[in-house]
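The values are calculated or read from the model by the stated rules, or taken from the named source; none is laboratory data. Just so it is clear, the model here is predicted, and its values are computed rather than measured. We place every Cβ from the backbone using ideal geometry, glycine too, and count neighbours over all the protein chains shown. Only protein heavy atoms, including side chains, enter the accessible area calculation; ligands, DNA and RNA are left aside. Shrake-Rupley method; radii C 1.70, N 1.55, O 1.52, S 1.80 Å.
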Amino acid sequence: MDEEALGARGLVVGYRGHEVIDGLDLALMRGRITAIIGANGCGKSTLLWALSRLLPSEGTVVLDGRDTATLSTREIARRLSVLPQGPSAPEGLTVADLVARGRYPHQKWLRQWSEADEAAVREALERTNMTAFAGRPIDELSGGQRQKAWIAMALAQRTDTVLLDEPTTYLDIGHQAEVLDLLVELNVSAGRTIVLVLHDLNQAARYADRVIAMERGRIAADGTPDEVITAETLRAVFGVEAHVVADPHSGAPLVIPASVPPAVRRAAQPTS
Amino acid sequence: MPSRGSATTAVSGLVALAIAVGVVAMLSIGVGSRFIPPDSVLSALFSPGGGFYDNVIWELRIPRTVAGLVIGAALGLSGAVMQGLTRNPIADPGILGVHAGAAFGVVVAIYVFGLLDFRAHVGFAFAGAALVSAAVWLVGSRGRDGATPVKLALAGAAISAFIGSATSLVLYADSTAFDEFRFWSVGSLAGAKADLLLAAAPFLAGGALLAFGVIRGLNALSMGADVARSLGQRVRLVRGAAALAVVLLSGTAVAAVGPIGFVGLTVPHVARALAGPDHRRVLPYSALLGPLVLLGADIVGRVVAIPSEVQVGAITAAVGAPVFIWFVRRRTVREL
Ligand SMILES: Nc1ncnc2c1ncn2[C@@H]1O[C@H](COP(=O)(O)OP(=O)(O)OP(=O)(O)O)[C@@H](O)[C@H]1O
Ligand SMILES: [Mg+2]
């Protein structure tokens, strides 16, 4: 059962000489949801990029048991899709056209558009509840609708492994739950391996099988939500004081920041 | 095609444009600074005898019209590919150094080799365009992420400026070269002859094939190099092929008829305004709008100053610049 879908051995990634990630080992198991958490700038996106082969790196990235150095860009794109943080589409591009581009890795130069492509696009639009927006230009959508259109594009790619960089940013609480439920649904019904960067620790705790906390390009903690989301790890990784209690609804760890709220602070101020 | 409705609209738009191009082509055969009665035009076309009008039609007007069609298509296509490659709505092939290179080639032909025949200029112009754009490409694609739009634009601006000042230096030093060059430097369809067009055909056909071959790559690139790669596109290959298409199309155009501004810049904007940002539509639309604009401008140039003619390059600049400004002010310049 426990088979590696995506992994890294001795991964070194950097920009212009300075290494952001310096020797990282990781094995992500098939059919699991893994959340990556960590402070801004700690290297989460860099790791996702290197794992999806969008950034050149030293060391080995293994996808479906094969060294990605031996796979073509197109073969990688058929096995792994990635939703970047804040992608941009040309003005006037419709949702349907964007989602259809998720089919590129499956299309040959001559055989352009097939039944399978049509079905994948329709399904991606339905799953993300974007069918009604199919004909609308992306730039005329709200931030949340836009985000879902991009998720639909990644879904249309129909890959076994899906990487998402902050898929819930820009979404209201209802749509955040909708997107995360959708990912769980893909994971459960289609057995997809899902890796996502999240800033909301409570979401990570609730939706992920495994949480990886990063700190300055290293893995600082790795394990189940219960193991990783603890007051000690939060202090070490984010430098914040927090209480961690059990969520009464799901039993997952729930983070309550211990910073002093303004009302309390004001009350404590001496009157001059 | 995911959205069938818009695909149908796109096709009917193309048919309408094709008809318009046909009409302009007929006008271009029928209208000139020398008046030829319509019945003589028709008899020259369908039962040529070898009379004076027949010769004017077959030796001058038809080659000129064909040149307007193919060069117009080449300028429109190369502009669309250039803007897609650089994700820059105000890019034109000049960024790759094509025009600076062609001008330098012509100056070298005149000044260094003393060649005054314009046929010799064609070869030198093409060689100059190809060499300078190759240099721009080499400089602009150094480094890990390859030929990014910004690096290309900087390399192109720097090298074009350098080549341009070398060209000026020669022109100011040598008054024969200046006179000859002045004649070349405003593009004109008037000198187009059948043999010249035949020589240009393979380059233009190769460029057009490449352009249509990179449609999917350009679409993917329009969402950024990272997304393109994540969709399985080989970004370096796409960029290289697109740049080669631009050089073949616009290098051949500038070599064959001289520099013609604003067609490559403006036509893709009209195409996007009509058909949206998808290159499956932008490229064919541009390939039809190009000849429409170029032949239209050429016909205007033939009749505004009868009995003499105004070169088409002067007309496109005079008309293209205000049209482009109007577009910018209407804010229909779409971000890519
Ligand atoms: N293109 C780049 N060139 C140079 N340095 C970069 C580049 N992208 C990121 N970095 C640096 O690499 C480090 C890690 O960045 P990364 O984007 O991976 O962080 P992150 O964990 O995703 O942060 P965030 O939560 O803000 O998205 C940062 O110090 C950043 O400044
Ligand atoms: Mg990030």
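Using the average count of surrounding beta-carbon atoms within 10 Å as a protection proxy, the listed peptides A:161-174, B:121-134, A:13-26, A:235-248 rank, highest first, as B:121-134, A:161-174, A:13-26, A:235-248.
Would you kindly state how much longer the chain becomes between A:Gln85 and A:Asp2 on full extension, computed as 0.36 nm times their sequence separation minus their alpha carbon distance, in nm to one decimal?
That pair, A:Gln85 and A:Asp2, stretches by 26.9 nm at full extension.
Ranked by the mean number of other Cβ atoms within 10 Å per residue, highest first, peptides B:241-254, B:307-320, B:58-71 order as B:241-254, B:58-71, B:307-320.
Expressed as a whole percent, the accessible surface of the range A:66-225 that belongs to carbon and sulfur atoms is 50, based on a 1.4 Å probe. Under 5 Å from the amide H of A:Gly38 lie the amide H atoms of A:Met214, each residue being 5 or more positions distant or on a separate chain, with H modelled from the backbone and absent for Pro and chain starts. For chain A, the longest principal axis of the alpha carbon atoms and the long axis of helix A:143-156 meet at an angle near 50°. Peptides B:220-227, B:291-298 ordered by packing proxy, namely the average of other Cβ atoms within 10 Å per residue, highest first: B:291-298, B:220-227. The lysines within cross-link reach of A:Lys108, meaning a Cα-to-Cα straight distance under 25 Å and a gap of 8 or more places when in the same chain, come to none at all. Plainly put, the range B:102-236 has a radius of gyration that is 1.07 times its Kirkwood radius, both from alpha-carbon atoms, as the Rg/Rh ratio. Placing pseudo-labels 7 Å out from each Cα toward the beta carbon at A:Ala267 and B:Val328 gives an inter-label distance of 6.1 nm. Just so you know, the averaged projected area of the alpha carbon convex hull for chain B sits at 18.2 nm². Using θ = phi - 60° in the Karplus curve 6.51 cos²θ - 1.76 cosθ + 1.60, the 3J(HN,Hα) couplings for the range A:47-53 round to 5, 4, 4, 5, 5, 8, 6 Hz; x is entered for Gly and Pro.
Under 5 Å between amide hydrogens, built in the peptide plane, is the criterion, and for A:Leu164 it picks out A:Leu83, A:Val195, A:Leu196, A:Val197 among residues at least 5 positions away or on other chains. Derived from the Cα gyration tensor, the three semi-axes of the equivalent ellipsoid of the protein assembly as shown are 57, 26, 22 Å, largest first.
Protein heavy-atom accessible surface, 1.4 Å probe, per residue over the range A:91-158: 41 Å². Taken as Cα centroids, the range B:197-249 and the range A:90-106 sit 18 Å apart, rounded to the nearest whole angstrom.
Using R₀ = 60 Å, calculate the FRET efficiency as 1/(1 + (r/R₀)^6) where r is the Cβ-Cβ separation of A:Ala116 and B:Val304; round to 0.05.
Efficiency, from the Cβ-Cβ distance: 0.60.
Full extension of the chain between B:Leu138 and B:Trp58 gives 24.4 nm of extra length, using 0.36 nm per residue less the Cα-Cα distance. Size check on chain A: the Cα extents along the three principal axes, sorted descending, read 77, 43, 40 Å. Across peptide B:233-246, the mean count of Cβ atoms from other chains lying within 10 Å of each residue's own Cβ comes to 1. Each label was represented as a point 7 Å from its Cα along the Cα-to-Cβ direction; for A:Tyr15 and B:Leu131 these points are 3.9 nm apart.
Counting only protein heavy atoms and a probe of 1.4 Å, the accessible surface of the range B:110-192 is 71% carbon and sulfur.
Between A:Ala39 and B:Ala166, the FRET efficiency estimated from the beta carbon spacing at R0 = 60 angstrom works out to 0.65.
Which helices, taking whole DSSP H runs in chain B, have alpha carbons extending 24 angstrom or more along the helix axis plus mean Kyte-Doolittle at least -1.0? Correct list, ordered by number: B:4-30, B:62-86, B:118-140, B:149-173, B:194-213, B:235-257, B:279-303, B:312-330.
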